[in-house]
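The values are calculated or read from the model by the stated rules, or taken from the named source; none is laboratory data. The structure displayed is predicted, hence computed values, not measured ones. Counting neighbours? That spans all protein chains shown, and the Cβs are built from the backbone with ideal geometry, glycine included. Only protein heavy atoms, including side chains, enter the accessible area calculation; ligands, DNA and RNA are left aside. Shrake-Rupley method; radii C 1.70, N 1.55, O 1.52, S 1.80 Å.
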Amino acid sequence: MAKFLIIGPVTRDTILKSGSKCKGIGGPVYYQAGVLSALKSDVTALVTVGKDDTSLLDNFPQDIKLKPVWGNKTTQFENFYPDENPNHRLQRACIPSNPIEISHLSPIDWDTFDAVLVSPLSPHDVPFETLKYIFEQEIPVYLGVQGYLRHLKGQKVVLKPLKHYKKFLTCADFLFLDEVEAGVIIDDSSLSLHEISRNLSLIGPGEVIITRGDRGSIVYSRHHDVTHQIPAFPSKERVDPTGLGDSYLAAYAFRRQEVSDPHECGIFASLVSSLKLENKGAFQGNRKLIEDKRSEFISLIQ
């Protein structure tokens, strides 16, 4: 059984979609915990959360070992989806400063973990010094880079290029971002996704994964110098797109601990994301449901 450490903020989310409004827990660590717990992994979650929001932690699966870092307030997000495209999202936020410092990580026995998932939601959630410290522990680092690109304009979330992004990428073995973030991170939207992923990989991460909503994803492997095209598998219903990228990251990391083939890891992550989309909240499936869906859409897998 693979052992994962997942790091990042817990959030209070408001989801607006098709005239509906839903409030609850959010944050990459929540969605990643759901996937990894459902797949019977051993998971420790180091999370930042406001000291008045201890009840949010009750939403995590009971088998997750929680290590909260208490802040004064919890990060809040409002996600508005104006159409069926899960990547078309308008965000507003209230983001307090609750950085994860090296001192929060020093008690951890790093030798007991097989991989660490790092998922900031703002530039100050996981400072560079903390990310560097994590990378120096010499276990695979799966980095969701979205938070380093997010800034607030009033309460509106806007994306800006990451200053000195190269030093951040030297501290990741696997890099995850969506196609909009891919154009923003290097401040050059004229390049193809293949060119962007290859350029990013040359800086540090051996595999760069770019998600594209209902157009699937691409996985670039520096070792093979190959870009794999991963399809998006149809969902029975499009219920809740929030957390799809986070679920994809966790599923990819889980499968990557089992096999070394990036294409297979992308296929597995895409199957999990399709199943997650069919229900509210975190992933609620299991290994059998994933393999049943694979069999149903075997024609899409090359």
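Against the condition modelled with pLDDT under 95, under 18 Å from the mean Cα position of the chain (by Cα) and part of a strand (DSSP E or B), how does V157 come out, does it pass?
Judged against the criteria, V157 is a match.
Looking at segment 213-232 only, could you name the residues that are open to solvent by 10 Å² or more (accessible area, probe 1.4 Å) and assigned to a loop (DSSP other than H, G, I, E, B)?
Selection gives R222, H223, H224, D225, P231, A232.
If you go through segment 86-126, how many residues are open to solvent by less than 60 Å² (accessible area, probe 1.4 Å) and either assigned to a loop (DSSP other than H, G, I, E, B) or at pLDDT below 85 (or both)?
So the count comes out to 16.
Which of (1) surrounded by fewer than 21 Cβ atoms within 10 Å (Cβ to Cβ); (2) part of a loop (DSSP other than H, G, I, E, B) is the odd one out, the single condition P241 does not satisfy?
Every condition holds for P241 apart from (1).
Can you give me the number of residues within segment 127-145 that are in contact (Cβ under 8 Å) with a residue 60 or more places away in the chain and assigned to a strand (DSSP E or B)?
Final tally of qualifying residues: 3.
Just to be sure before I move on: is K167 open to solvent by 20 Å² or more (accessible area, probe 1.4 Å), at pLDDT below 95 and of a type in the set (K, R) in the structure I sent?
For K167, the condition - open to solvent by 20 Å² or more (accessible area, probe 1.4 Å), at pLDDT below 95 and of a type in the set (K, R) - is not met.
Among the listed residues G50, G34, identify the single one that is modelled with pLDDT of 95 or more and out of contact with any strand residue (DSSP E or B) (no Cβ under 8 Å at 6 or more places or on another chain).
Only one candidate passes the filter, namely G34.
State whether the residues of segment 69-77 include one that is hydroxyl-bearing (S, T, Y), touching a residue at least 60 places away in the same chain (Cβ under 8 Å), more than 19 Å from V145 (Cα to Cα) and outside any strand (DSSP E or B).
Yes, segment 69-77 has at least one match.
Looking only at segment 127-141, which residues are within 16 Å of T48 (Cβ to Cβ) and either open to solvent by less than 10 Å² (accessible area, probe 1.4 Å) or among the aliphatic types (A, V, I, L, M) (or both)?
T130, L131, I134
Could you check segment 233-255 and list, in sequence order, the residues that are acidic (D, E) and modelled with pLDDT of 95 or more?
D246
Name the residues in segment 273-302 that are under 23 Å from K17 (Cα atoms), part of a loop (DSSP other than H, G, I, E, B) and either open to solvent by 80 Å² or more (accessible area, probe 1.4 Å) or touching a Gly at 6+ places or on another chain (Cβ under 8 Å) (or both), would you?
K280, G281, A282, F283, Q284
Hey, does segment 255-266 have a residue that's under 21 Å from S201 (Cβ atoms), open to solvent by less than 30 Å² (accessible area, probe 1.4 Å), within 16 Å of the chain's Cα centre (by Cα) and small (G, A, S)?
Yes, segment 255-266 has at least one match.
Which residue pairs have Cβ atoms under 9 Å apart, sit 6 or more places apart or on different chains, and have a first residue in segment 43-64 that is closer than 14 Å to G27 by Cα and touching a residue at least 24 places away in the same chain (Cβ under 8 Å) and a second that is aromatic (F, W, Y) and open to solvent by 20 Å² or more (accessible area, probe 1.4 Å)?
A45/Y30; V47/Y30; T48/W70; V49/W70; G50/W70; L56/Y30; N59/Y30; F60/Y30
Residue-by-condition table, conditions (1) over 19 Å from the mean Cα position of the chain (by Cα); (2) farther than 24 Å from V157 by Cβ; (3) open to solvent by less than 20 Å² (accessible area, probe 1.4 Å):
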{"site": "G8", "(1), (2), (3)": "no, no, yes"}
{"site": "G26", "(1), (2), (3)": "no, no, yes"}
{"site": "D52", "(1), (2), (3)": "yes, no, no"}
{"site": "D63", "(1), (2), (3)": "yes, yes, no"}
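Please work out which one of (1) open to solvent by 50 Å² or more (accessible area, probe 1.4 Å); (2) under 25 Å from V116 (Cα atoms) is the condition D83 fails and give its number.
(2)
Inside segment 1-48, can you point out the residues that are closer than 30 Å to E138 by Cα and part of a loop (DSSP other than H, G, I, E, B)?
Passing the criteria: M1, A2, V10, G27, L39, K40, S41.
Among the numbered criteria (1) open to solvent by 20 Å² or more (accessible area, probe 1.4 Å); (2) touching a helix residue (DSSP H, G or I) at 6+ places or on another chain (Cβ under 8 Å); (3) polar (S, T, N, Q); (4) part of a helix (DSSP H, G or I), which one does N199 miss?
Of (1) open to solvent by 20 Å² or more (accessible area, probe 1.4 Å); (2) touching a helix residue (DSSP H, G or I) at 6+ places or on another chain (Cβ under 8 Å); (3) polar (S, T, N, Q); (4) part of a helix (DSSP H, G or I), only one is false for N199: (2).
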